[in-house]
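Here is the structure we will look at.
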Amino acid sequence: MSDTPIRIDQPIVGCEVVKEEKPSVSFQRPQVLDGATYKIKPPDSDHAIYVTINHTVADGQPRLVEIFVNSKSMAHFPWVVALTRVISAIFRHESKPTFLVEELRSVFDPNGGFWSEGRYVPSLVAEIGNCLQRHMLMLGIVDHPEAPSAEDNRQPAPHQSQQDSQPKPQGICEKCGAFAVVFSGGCDKCQECGFSKRCGDA
């Protein structure tokens, strides 16, 4: 607003107070919701963690409404409460919050992750992101990955199988945090980001 005085040359014949319009709420939480609960059992925890994601149908489309994380263990209670409230708030404002999956899955625990269903998970938060992705796939909010073609499913030749076999990860990458560091050819190399160290050492 300008500080310059305004000169009024004509008499004022009327005035009115302009009320600020409040933004309309486009989504209201229904009284009854559908949902699913996913079980997470980290190997270093004595108690399982249960992730419940509730949804509804709005304008003919599935919509996420809220998320809860529960466990008998109180070790993660403060940040779990904060995380669920923030995610639930995003659900209320975004009809397709698909970006949350990658944001959660990119969180790495400095103490290391764990293996779940044959796949390495870098943190408990990342596994919550995996649960969210499964729920979105179930509802059709995100598309299922394309099935491999018949050509991709062909059996490799014996020499090709030997060449394609990769050593198992032996450490955590100090650059990206993924448990994907292998020792090959005298180098410690990350299979995720390509960072290498100790190359040339015998």
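The values are calculated or read from the model by the stated rules, or taken from the named source; none is laboratory data. The shown structure was predicted, so the numbers you read here are calculated from the model rather than taken from an experiment. Here Cβ is always computed from backbone atoms with ideal geometry, including for glycine, and neighbour counts include all displayed protein chains. SASA here: full protein model, heavy atoms, side chains in, ligands and nucleic acids out. Shrake-Rupley method; radii C 1.70, N 1.55, O 1.52, S 1.80 Å.
Solvent-accessible area of Met138, all protein chains in place: 110 Å² (probe radius 1.4 Å, heavy atoms, ligands and nucleic acids excluded).
For the set Cys193, Cys187, solvent exposure ranked by accessible area (probe 1.4 Å, protein chains only) runs largest to smallest as Cys193, Cys187. Here is the list for the stretch 36-96: trypsin sites (Lys or Arg not before Pro) lying in DSSP coil, each with at most 14 other C-beta atoms within 10 angstrom of its C-beta, are Lys72.
So which GluC sites (Glu not before Pro) in the stretch 17-119 are both in a DSSP loop and have at most 14 other Cβ atoms within 10 Å of their Cβ?
Numbers: sites: Glu20, Glu21, Glu66, Glu94, Glu102, Glu103, Glu117; in loops: Glu20, Glu21, Glu94, Glu117.
For GluC sites (Glu not before Pro) across the stretch 17-119 that sit outside H, G, I, E and B with at most 14 neighbouring Cβ atoms in 10 Å, the list reads Glu20, Glu21, Glu94, Glu117.
Dividing the mean sequence gap of close Cα pairs (under 8 Å, 6+ apart) by how many residues the stretch 52-117 holds gives a relative contact order of 25 percent. Please label the shape of the stretch 16-107 as rounded, prolate or oblate, based on the square roots a ≥ b ≥ c of the eigenvalues of the alpha-carbon gyration tensor (a/c under 1.5 means rounded; beyond that, a/b larger than b/c means prolate, else oblate). It is prolate, given that a/c is not under 1.5 and a/b is the larger ratio. Using a probe of 1.4 Å, the accessible surface attributed to Asp9 totals some 110 Å² when neighbouring protein chains are kept in position.
Given axes a ≥ b ≥ c from the Cα gyration tensor, I'd like to know whether the stretch 68-140 is rounded (a/c under 1.5), prolate (a/b larger than b/c) or oblate.
Details: a/c = 1.83, a/b = 1.21, b/c = 1.51.
Oblate is the answer for the stretch 68-140, as a/c is 1.5 or above yet b/c matches or exceeds a/b.
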